[in-house]
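Here is the structure we will look at.
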Amino acid sequence: MTTLRIALYQPDIPGNTGTILRLVACLGLQVDIIEPAGFVLSDKNLRRAGMDYLASVTMTRHVNWQQFEDWRRAEGRRLVLASTRAAERYTDFRFADGDILLFGRESAGVPDSVHETADHRVIIPMVDGQRSINVAVSAAMIAGEAMRQIAWSGNHSP
């Protein structure tokens with residue numbers, strides 16, 4: 001079992017958050033929500049995309065970035081930020097068990113201070129002229145690659 005986590009920095013859109021919660025339930029990951037969110041974090045707001053998977057999710061809510069960062073440092077976990085400003089492709093990065101995959105707000109990403117705090121930054125290559133890939137799709141792509149490297153390689157069964 002992996003201890004890989006997905007962290008969402010102040011998510012804006014309940015449907016994307018619900019989709020990511022469904023993803024972590026299906027992959028056996030855990031999720032951290034760094035508040036404040038752009039919507040009320042309730043089962044009602046997350047149910048449409050998360051469906052009945054929400055009961056299977058291990059979610060930790062952090063009241064702000066500093067609380068999350070204090071917890072992360074105490075845990076000794078690497079922070080890997082998905083960013084359109086990164087230089088390293090996510091498929092070239094070597095993920096490790098215990099990593100936290102951080103995804104920014106749909107509307108604004110993360111502030112520079114958070115960007116600079118990340119231990120590593122990875123990018124999903126895109127064609128010129130496009131701004132970004134949906135955060136839930138990005139989370140699925142990067143988490144899938146991390147799981148391939150950590151948990152699905154060799155003789156390990158999913």
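A few comments on the model shown:
- Each Lys or Arg adds one and each Asp or Glu takes one away; over the other residues whose Cβ falls under 13 Å from the Cβ of ARG105, this sums to -3.
- Simple point charges give the picture: +1 on the Cβ of Lys and Arg, -1 on the Cβ of Asp and Glu, and for the chain a dipole about the Cα centre of about 280 debye.
- Taking other C-beta atoms within 10 angstrom as a stand-in for reagent exposure, SER107, SER83 fall in the order SER107, SER83, fewest first.
- Rel. contact order, % - alpha carbon contacts under 8 angstrom, at least six apart, the range 5-150: 28 percent
- As a calculated quantity, the FRET efficiency between ARG148 and ASP112 at R0 = 30 Å, using C-beta atoms, amounts to about 0.45.
- Modelled spin labels at MET126 and VAL63, positioned 7 Å past Cα toward Cβ, are 3.5 nm from each other.
- Options ALA118, THR17, GLY38, ranked by Cα towards positive dipole end of the chain, top entry (Cβ charges): THR17
The numbers here are math on the coordinates, done by the rules we state, and not lab data. Predicted model, so just to flag it, every value in this text is computed and none were measured. With ideal geometry, Cβ positions are generated from the backbone for all residues, glycine too; neighbour counts draw on all protein chains shown.
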